[in-house]
Amino acid sequence: MAVKIRLARAGAKKAPFYRVVAADSRAPRDGRFIEILGRYNPRTDPSTIELDLEKVDAWLAKGALPTETVAKLIAAAKDPGAKAPAREAALSKKAQAKAVADAKAAEEAAAAPEKAPVAEDAPAEESPDVQAEEVAETAEPEEAHAVETEQPEEAPAAAEEVSEEAAE
C-alpha cells in the first residue's frame with residue numbers, strides 16, 4: 001500500500017480549508033484517510049498552517065510521499081520565516097488564446113516598420129491622399145486660383161461687418 005501525505009478539502013462552498021492527511025494513494029481526495037496530520041487555511045492573511053511535525057516525520061520515515069503542495073507546507077511549517085505557498089493565477093483557455101494573439105500582433109507590429117520602405121516603392125499601393133494630390137495637380141491652375149481668391153475676400157468683408165456693428 002502506497003501512502004501519500006496530501007490535502008483533503010473541507011469547508012463550505014467557495015470557502016475551503018484543507019486537512020493534511022496520510023492516505024492510501026488509491027483513496028479519493030476527500031475520502032478515507034489513515035490519519036490527520038494538520039490543517040491548512042489559505043483564506044486567512046497570512047495563510048494558517050498547523051502541522052504536527054512529529055507525525056509528519058514519522059510518516060515520511062515510513063515511506064509516505066508528500067504531494068508538491070504538502071511538501072511546500074511542510075517546509076513553511078519547519079521554517080517560521082517562510083511563507084505559505086501562493087497559488088498562481090491560472091489563465092482560462094480564452095485568456096491564454098488572447099495572450100497568444102496579442103503577442104503575435106505585437107511581433108507583427110514590430111516587424112511592420114521593417115517592411116514599410118518596401119511598400120513605399122511599390123506604385124500599385126497608393127493611399128487616397130496621394131491620389132487626391134494627383135487630381136489637384138491635373139486641375140487647371142485658373143480654377144484653383146479663383147477658389148483661393150474668393151476665400152480671402154469673404155473674410156475681410158465679414159470683418160468689416162463686425163466692426164460696423166461694434167461701432168454702432
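The values are calculated or read from the model by the stated rules, or taken from the named source; none is laboratory data. Given the structure is predicted, the values throughout are model-derived calculations rather than measurements. Using ideal geometry, Cβ is built from the backbone for each residue, glycine included, and neighbour counts are taken over all protein chains shown.
For the stretch 2-23, name all the residues that are aliphatic (A, V, I, L, M) and assigned to a strand (DSSP E or B).
Those that are aliphatic (A, V, I, L, M) and assigned to a strand (DSSP E or B): VAL3, ILE5, LEU7, ALA8, ALA10, ALA12, ALA15, VAL20, VAL21, ALA22, ALA23.
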Residues of the stretch 1-58 being hydroxyl-bearing (Ser, Thr, Tyr) and modelled with pLDDT of 90 or more, in sequence order, are TYR18, TYR40
All positions within the stretch 31-41 that are surrounded by 17 or more Cβ atoms within 10 Å (Cβ to Cβ) and in a loop (DSSP other than H, G, I, E, B): PHE33
Report, by residue number, each residue of the stretch 9-30 that is crowded, with 19+ Cβ neighbours inside 10 Å and of a type in the set (Gly, Ala, Ser). ALA22, ALA23
Over the stretch 48-67, the set of residues crowded, with 17+ Cβ neighbours inside 10 Å and assigned to a loop (DSSP other than H, G, I, E, B) is ALA64
Checked pairs for the stretch 59-82, first within 10 Å of ILE5 (Cα to Cα), second charged (D, E, K, R), C-beta under 6 Å and 6 or more apart or across chains, list as LEU65/LYS4; THR67/ARG6; VAL70/ARG6
